Amino acid sequence: GHAWFDEKASALFCDFLSHWPSLKQLQRARRTTLLTFFREHHCYQPRLIEERLAALQRAAPLTDDAAVIKPKALMVEGLVDQLRVTLKAIARFDAEIESVAPTLPDYALFQALPGAGPNLAPRLLVAFGERRERFASAADVQMFVGVAPVTESSGKQHWVHWRLQCPTFLRQTFVEWAAQTITRSFWAGAYYRQQRAKGCAHQAAVRALAFKWIRILFRCWQLRTPYDESAYLNALQRRGSPLLASLALPSPATH
C-alpha cells in the first residue's frame, strides 16, 4: 500500500496501515468505508481517491501463505506505532525551528531566497552558521558541504567523482534548494537548461547549479546583504555573461 501514498510521514498513511495491515483485509473493505476514511482524513481529491481504489482492485498478493502474511502484518502494526512517535517528535522540532529561526540575526538572508521557504531557509542558515571567519572563501563552503567535485589522476588518466567524505545532510540541503530555484530564478532556470543541453543528467545539472549558488550565497552572507535577483541579472549583463547572451531578460516587474 505504500506505493499509493506520496507522503509516508503522515497520519493518513499511519491510520491506513493500522486499519488494513494486509492486502487481503484491505480488499475486503467496502468502497463506502474507504471513501469515508479518506474524507475523514481531509483527502478531497476525487481523481486521486479513484486512482487508489483502482490500484487496490488491481493489486495481487505476492503470497497467500498465512505463515508469511500474519507476521508481516504484525510487523507493520509495530512499525506504524514507532512512526507515530517519530512524527510527534518531528512536529515538536518543526515548531521549535519555526519559533527560533526568525529570531536569528542572519535569518533574513536566507528567508528571502527563491524557493527556500520555511523548510529550507533554516537548513541553509545552519549550513553557513554565524561565524564569518569559519570559511575563507566560497570554495571552502563548496568543499565542506561536498558540492565541489574531486579530481584524481593516475599516470595519464584523470577522473572526476562525487565527494565522498562530507556531511551528506548539508549537501542534500543545497541540492534540494537548488532544484527549487530552477522555476523561481531566471538565471538558475537558464543555467539548468544549459547544463541539460550539454548532456548532463538532471541530478548532475542540479549539483552544478548548487555549486554556482554557493558562490552567490557566500558573498551575500559575508556582506550581510540579502540576495537580489534583479541586481544579479544586471551584474551578469554588465559582464557580458554567455549565460544571458542569447536570452531575453525578464522585465523588473516580474521579480
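The values are calculated or read from the model by the stated rules, or taken from the named source; none is laboratory data. Just so you know, these numbers come straight off a predicted model, no measurement behind them. Note: ideal-geometry Cβ built from the backbone for every residue, glycine included; neighbour counts use all protein chains shown. Side chains are part of the model used for accessible areas, which takes the heavy atoms of the whole protein and leaves out ligands, DNA and RNA. Shrake-Rupley method; radii C 1.70, N 1.55, O 1.52, S 1.80 Å.
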### Task
Rank by packing, highest mean first: peptides 57-70, 11-24, 80-93, with packing defined as the count of other Cβ atoms within 10 Å averaged across residues.
11-24, 80-93, 57-70
### Query
Distance in nm between label sites at A91 and H202, each 7 Å beyond Cα in the beta-carbon direction?
3.1 nm
### Message
Taking the 0 to 90 degree range and rounding to the nearest ten, how far is the long axis of helix 46-58 tilted relative to the main principal axis of the chain, both from C-alpha atoms?
### Response
60 degrees
### Query
Helix 186-197: angle to the longest alpha-carbon principal axis of the chain, degrees 0 to 90, nearest 10?
80 degrees
### Message
Need the full-extension length gain, T183 to K70, defined as separation in residues times 0.36 nm minus the C-alpha distance. One decimal, nm.
### Response
36.0 nm
### Förster-model FRET efficiency, 30 Å R0, I49 and Q172, C-beta, rounded to 0.05
0.40
### Query
How large is log10 I(q)/I(0) at q = 0.18, 0.27, 0.28 Å⁻¹ when the Debye formula is applied to the Cα atoms of region 184-226, each weighted equally and without solvent?
-0.54, -0.89, -0.92
## Note on the structure
In whole angstrom, largest first, the equivalent ellipsoid semi-axes that the Cα gyration tensor gives for the chain are 44, 23, 21
#### Entry: Using θ = phi - 60° and Karplus 6.51 cos²θ - 1.76 cosθ + 1.60, couplings along region 76-87 (whole Hz; Gly, Pro as x)
4, 4, x, 5, 5, 4, 5, 5, 4, 5, 5, 4
### Message
Ignoring everything except DSSP H segments at least 4 long, calculate the 222 nm mean residue ellipticity for the chain; use -39,500 (n - 2.57) per segment, divide by total residues, nearest 500.
### Response
-19500 deg cm²/dmol
### Query
Which angle from 0 to 90°, rounded to the nearest 10, does the C-alpha axis of helix 229-238 make with the longest principal axis of the chain?
40 degrees
### Message
Straight-line reach from K212: which lysines fall under 22 Å, measuring Cα to Cα and dropping same-chain residues less than 8 apart?
### Response
K198
#### Entry: Most mobile of L223, L74, L104 in a GNM of the chain (Cα contacts under 10 Å)
L74
### Task
List the residues of region 200-237 whose backbone N lies under 19 Å from a point placed 7 Å from the Cα of A112 along the Cα-to-Cβ direction.
213-236
### Task
May I have the pair-distance distribution P(r) for region 1-135, computed from all Cα-Cα distances with 5 Å bins from 0 and rounded to whole percent?
2, 8, 14, 15, 13, 11, 9, 9, 8, 6, 4, 2, 0
### Task
Can you pull the one-decimal nm distance between simple spin-label points at R131 and L104, each 7 Å off the Cα toward Cβ?
1.5 nm
### Solution diffusion estimate, µm²/s, Stokes-Einstein, region 1-57, Kirkwood Rh from C-alpha pairs, 37 °C, viscosity 0.692 mPa s
286 µm²/s
### Query
Sorted by mean Cβ packing within 10 Å, highest first, what order do the peptides 42-51, 230-239 take?
230-239, 42-51
### Query
GNM on the chain, C-alpha springs below 10 Å: top fluctuator among Q195, Q25, Q111?
Q25
### Message
Heavy atoms of the protein only, probe of 1.4 Å, neighbouring chains included. What is the accessible area of V100 in Å², nearest 10?
### Response
60 Å²
